[in-house]
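Please read the structure below before turning to the comments.
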Amino acid sequence: MEVGKRFKIACIGAGNVGATAAQYCAEMELGDVVLTDIVEGLPQGKALDLTQAGPIRGYGSIVTGTNDYADIEGADVCIVTAGLPRKPGMSRLDLLEKNARIITDICEKIAKYAPDTVVVLVTNPLDVMAYLAYQKLGFPSARLVGMAGCLDSARLRAFVAMELNVNMKNVDTMVLGSHGDDMVPLPEYTTVSGIPIAKLMSQDRVDALVERTRKGGGEIVALLKTGSAYYAPGASAARMAQSIIRDEKQILPCSTLLTGQYGLEDVYIGAPVVLGKAGVEQVLELDLTDDQRAALHASAGEVREGIKGLQELGIL
Ligand code: APR
């Protein structure tokens, strides 16, 4: 990416998460945003609406909508949220197959039109889709990163702040593992203005907040009844795009290819990474307790089950 140029972010999937990510990217003036979807009119309508919010919100990013992948050409970052949500009666394997076919198709388009981009993948089941996208794109793993830990850690940060009645900007934390019930939140790495969380609340309360974080997505689904979370997921994807586009080198928990770190390899899973203009520039290895390490390995086992499912379907 050249310094001083006008950046371009393609949001592939203009549903709830994609459009929200587009909104935050525009608000932060990360660059111009191209919303892409297969539904005719949807990305165009949302893009026009978001552009018209610009004069009021004070941003100059241009948001356009398209059904033509050729329009993502030259994108510096592609945020991929396209996919189907799980519907009643649909098994996990059905969802896996349907989203895997969508992601496979999109990867072909990205490889064709934006071969130098960094992809931030959001579609669930996240870590399995990230591994699939990595295989299909043929990019170095640094340029395919999954969004999960940013969201999970934001949820834990918010819960800690709500519990202590303090500013959530002061709360820092780290969540490893796969996105879902098997995530591995790390209370030892959770601090409020540098103060370890254990000094501020009882172990019971820490455990309760960790458990709420694990079930954070489900809590919102139960409340909304007809959909899943999108503000925090959209904000998390935009935050990752920000670190990449502005070469901020923020340390964020992201789904990334492990190559021996934590005793794991050839699997995408959440770990702290340095995100900069090259994408994942470093994967950090933290000291874990035996229990945490075992939980991370169990989490990786679940991801591998999903990968095996795709292999059995002939998709991978
Ligand atoms: N190309 C582009 N867009 C597609 C394609 C495709 N091949 N297939 C589906 N889409 C679009 C749909 O038309 C829809 O507009 O993806 C969009 C998905 O939007 P929503 O149904 O609103 O789903 P959303 O809540 O945004 O979640 C998207 O992110 O957090 C994850 O679990 C979530 O996997 C899901 C994804």
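The HN-Hα couplings worked out from phi for region 75-84 by the Karplus form 6.51 cos²θ - 1.76 cosθ + 1.60 (θ = phi - 60°) are 4, 6, 9, 10, 9, 9, 10, 5, x, 9 Hz, whole numbers, x standing for Gly and Pro.
Across the chain, the longest run free of exposed loop sites, meaning GluC sites (Glu not before Pro) lying outside DSSP classes H, G, I, E and B with no more than 11 other Cβ atoms within 10 Å, spans 41-316. Applied to region 42-54, the Karplus parametrisation 6.51 cos²θ - 1.76 cosθ + 1.60 on θ = phi - 60° returns per-residue 3J(HN,Hα) values of 4, x, 5, x, 5, 5, 5, 4, 5, 5, 6, 6, x Hz, with x for Gly and Pro. Putting +1 on Lys and Arg Cβ atoms and -1 on Asp and Glu Cβ atoms, find which of Pro140, Asn170, Ser193 reaches farthest to the positive end of the dipole of region 121-229. Farthest towards the positive pole: Pro140.
Does anyone have the angle between helix 290-312 and the longest principal axis of the chain? Alpha-carbon axes, 0 to 90°, nearest 10? Taking the Cα atoms of the chain, the angle to 290-312 is about 40 degrees. Computed 3J(HN,Hα) for region 185-195, one whole-Hz value per residue from the Karplus formula 6.51 cos²θ - 1.76 cosθ + 1.60 where θ = phi - 60°, is x, 10, x, 4, 9, 10, 9, 10, 6, x, 8, glycine and proline marked x. Which value, in Å² and to the nearest 10, is the accessible area of Leu258 when all protein chains are kept and the probe is 1.4 Å? Rounded to the nearest 10, the figure is 0 Å². The residues of region 8-146 expose on average 42 square angstrom of accessible surface per residue, using a 1.4 Å probe on protein heavy atoms.
The calculated 222 nm mean residue ellipticity attributable to helices in the chain amounts to -14000 deg cm²/dmol, summing -39500 (n - 2.57) over DSSP H runs of n ≥ 4 and dividing by all residues. Structure note, pairs Lys169/Lys249; Lys46/Lys169; Lys98/Lys169; Lys46/Lys109; Lys112/Lys215: Cα-Cα distances above 26 angstrom occur for Lys46/Lys169; Lys98/Lys169; Lys112/Lys215.
Nonpolar atom fraction for the chain, defined as the carbon and sulfur part of the 1.4 Å probe accessible area, stands at 51 percent. In terms of its alpha-carbon gyration tensor, region 149-312 comes out rounded; the largest-to-smallest axis ratio a/c stays below the 1.5 threshold. Near the amide H of Leu121, within less than 5 Å, lie the amide hydrogens of Val80, Val145, Gly146, Met147, all on another chain or at least 5 residues away, with H placed in the peptide plane. For the set Ser236, Ser202, the ranking by accessible area, highest first and with no ligand, DNA or RNA atoms included, is Ser202, Ser236 under a 1.4 Å probe.
Classification of region 1-130 by its C-alpha gyration tensor yields a prolate form. The axis ratio a/c (a ≥ b ≥ c) is 1.5 or more, and a/b outweighs b/c.
The values are calculated or read from the model by the stated rules, or taken from the named source; none is laboratory data. It should be emphasised that the depicted structure is a prediction, and the values quoted were computed from it without experimental measurement. In this analysis, Cβ positions are derived from the backbone assuming ideal geometry, glycine residues included, and neighbour counts consider all displayed protein chains. Quick note on the areas: whole protein, heavy atoms, side chains included, nothing else; ligands and nucleic acids left out. Shrake-Rupley method; radii C 1.70, N 1.55, O 1.52, S 1.80 Å.
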